[in-house]
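J.: The structure follows.
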Amino acid sequence: MIYELREYVSVPGRMPALVKRFNEHTLRIFAKHDMELTFISLTGLGDNSNNELVYVLRFDDYGDMERKWAAFQADPEWQQARAASEEDGPIVAQLRRRVLNPTPFESR
């Protein structure tokens with residue numbers, strides 16, 4: 001099991017468009033491609049607290065993650081939703097992505 005952490009910093013003033021795209025399209029398309037969303041939030045305190053959306057997806061392994069992202073990116077519904085949401089300009093200024101491998105830690 002691996003987890004992918006994504007942090008999207010929106011273009012100033014464009015967070016409402018990013019949230020709308022997630023609510024109206026992205027989350028449903030994730031489900032369509034069996035992409036398991038385990039967490040999603042806006043950053044409330046800290047760096048980029050005014051314009052950052054953070055979420056975590058869970059995958060079986062790297063191959064599972066690559067296949068599902070490829071299917072998502074190739075999905076005509078996603079391509080259309082992304083293009084429509086960016087008609088007034090880009091929404092995402094920066095994307096940070098990390099893949100986390102759970103490791104057993106000893107509790108003390």
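The values are calculated or read from the model by the stated rules, or taken from the named source; none is laboratory data. Just so you know, these numbers come straight off a predicted model, no measurement behind them. Note: ideal-geometry Cβ built from the backbone for every residue, glycine included; neighbour counts use all protein chains shown.
J.: When the residues of region 18-55 are filtered to those that are at pLDDT 95 or above and of a type in the set (Val, Ile, Thr), which remaining residue is surrounded by the most Cβ atoms within 10 Å (Cβ to Cβ)?
T.: Thr26
J.: Any residue at all in region 83-90 that is loosely packed, with under 15 Cβ neighbours inside 10 Å and under 25 Å from Ile2 (Cα atoms)?
T.: no
J.: Related question: Residue by residue through region 77-97, note down the ones that are of a type outside the set (A, V, I, L, M), touching a residue at least 12 places away in the same chain (Cβ under 8 Å) and either farther than 19 Å from Pro12 by Cα or part of a strand (DSSP E or B) (or both).
T.: Glu77, Trp78, Gln94, Arg96, Arg97
J.: State all residues of region 11-59 that are of a type outside the set (A, V, I, L, M, F, W, C) and under 21 Å from Val99 (Cα atoms); if no residue qualifies, say none.
T.: Selection gives Thr26, His33, Asp34, Glu36, Thr38, Ser41, Thr43, Asp47, Asn48, Glu52, Tyr55, Arg58.
J.: Here is a follow-up. Out of region 12-45, which residues are on the phi > 0 side of the Ramachandran plot and charged (D, E, K, R)?
T.: Within region 12-45, Asp34 is the sole residue that qualifies.
J.: Checking Ala74 against (1) farther than 19 Å from Arg98 by Cα; (2) of a type outside the set (D, E, K, R); (3) surrounded by 15 or more Cβ atoms within 10 Å (Cβ to Cβ), which single condition isn't satisfied?
T.: So the condition that Ala74 fails would be (3).
J.: I'd like to verify a number: residues in region 1-42 that are over 15 Å from Phe72 (Cβ atoms) and free of Cβ contacts under 8 Å to residues at least 12 places away in the same chain, how many?
T.: 3
J.: Filter region 94-108 for residues that are among the aliphatic types (A, V, I, L, M) and either at positive phi or out of contact with any helix residue (DSSP H, G or I) (no Cβ under 9 Å at 6 or more places or on another chain) (or both) and give the result.
T.: Leu95, Leu100, listed by residue number.
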